[in-house]
Amino acid sequence: MEDNKIAILIDAENISYKNVGQIIDTMEKKGTVHVKAIVSDWTRITGAKMAQYNRAVQIEGWRKEASKYSLTGVQSFSHVSGKNTSDIALTIEAMKILYEKPFINTFCIVSNDSDFTRLAQELKAHGKEVIGMGERKAIKEFVNAFSEFIYLGESINESTEKEAGDKVVCTNGDAKAKEREPQKSKTKSKKFALPTEQMEALKVIIEDAMEENGVALYSLIASKMKKQFSDFVPENYNVKNISALIKSLLPCLPQYQEHKESIPNNPNGYIMMLKKKEEKRTRNKGNKK
């Protein structure tokens, strides 16, 4: 398997420095990080007026984390008040890497700013994998511009109880029924929430991926889902892999069950798939006279 060679580009004025650990740890698990650049107007650290105090604290926080995590700071002066020139600076850095370091095959853009939608599309057009990282407030069109999108600060599961929305919540057993019942046990069931739109799409994709023998490969299901919804990734659900993610959604898919087959010449390897459950046939015995 080819080693991912990664460039991380962080918009310091748009993302909290408190997320730096998650950013670096997540990308280091995906491959070798060759570039760690962070863009801002670093002069905002000093001489800030009270109205700019929060932003100055934010930039100062990033300055300290940049030293700790060996991030390369890129200066972008704000010549006009209200203009965020760091967007252009980050885009320039990305294009420089694209042409000067062609060995980089994965870009990670860390921002909530939808202005980077076009950048993500352009990098993908050049055959690069483009991973987005940002907060849940990022708009849908921006999120889906990436090969995959990872939420910072909290997973989708952790946000289920905090935010009301059009979501399907899956727990062990009858998900919807349990959501209406008061919690009797001190141990809470683990919840996995998908927006209703994604759950409906998942059901269609499973059926489309179903082979004649009644099984659908996890890898194919995941690939098709991620093409439509880039945030359908294990990292957003606090699970290790796509098998664990799909398994966690089974309570909302009662007509299927997990199935695995051994890989030839690999006793420890399995091909994971969903299998349709056999329909229970009720026999009409009739009334005996």
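The values are calculated or read from the model by the stated rules, or taken from the named source; none is laboratory data. Predicted, not measured: the structure shown is a model, and the values here were computed from it. Positions of Cβ are generated from backbone atoms using ideal geometry, with glycine treated the same way; all protein chains shown enter the neighbour counts.
Brief remarks follow.
- When restricted to residues that are at pLDDT 90 or above and either among the acidic types (Asp, Glu) or touching a Ser or Thr at 6+ places or on another chain (Cβ under 7 Å) (or both), region 75-93 contains 2.
- Leading residue by the ranking (surrounded by the fewest Cβ atoms within 10 Å (Cβ to Cβ)) among those in region 84-120 that are among the acidic types (Asp, Glu) and in contact with a helix residue (DSSP H, G or I) (Cβ under 7 Å, 6 or more places away or on another chain): Asp115
Matching residues to (1) closer than 28 Å to Gln255 by Cβ; (2) modelled with pLDDT under 90; (3) not polar (S, T, N, Q):
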| site | (1), (2), (3) |
| --- | --- |
| Gly132 | no, no, yes |
| Ile139 | no, no, yes |
| Ala145 | no, no, yes |
| Glu179 | yes, yes, yes |
| Lys191 | yes, yes, yes |
| Leu194 | yes, yes, yes |
| Ala209 | yes, no, yes |
| Ala216 | yes, no, yes |
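- Exactly one residue out of Lys128, Lys137, Lys124 is without any contact (Cβ under 8 Å) to a residue 24 or more places away in the chain and either surrounded by 23 or more Cβ atoms within 10 Å (Cβ to Cβ) or among the basic types (Lys, Arg) (or both), and it is Lys124.
- Selected residue [aliphatic (A, V, I, L, M), outside any helix (DSSP H, G or I) and crowded, with 16+ Cβ neighbours inside 10 Å] from Ala222, Ala216, Ala201: Ala216
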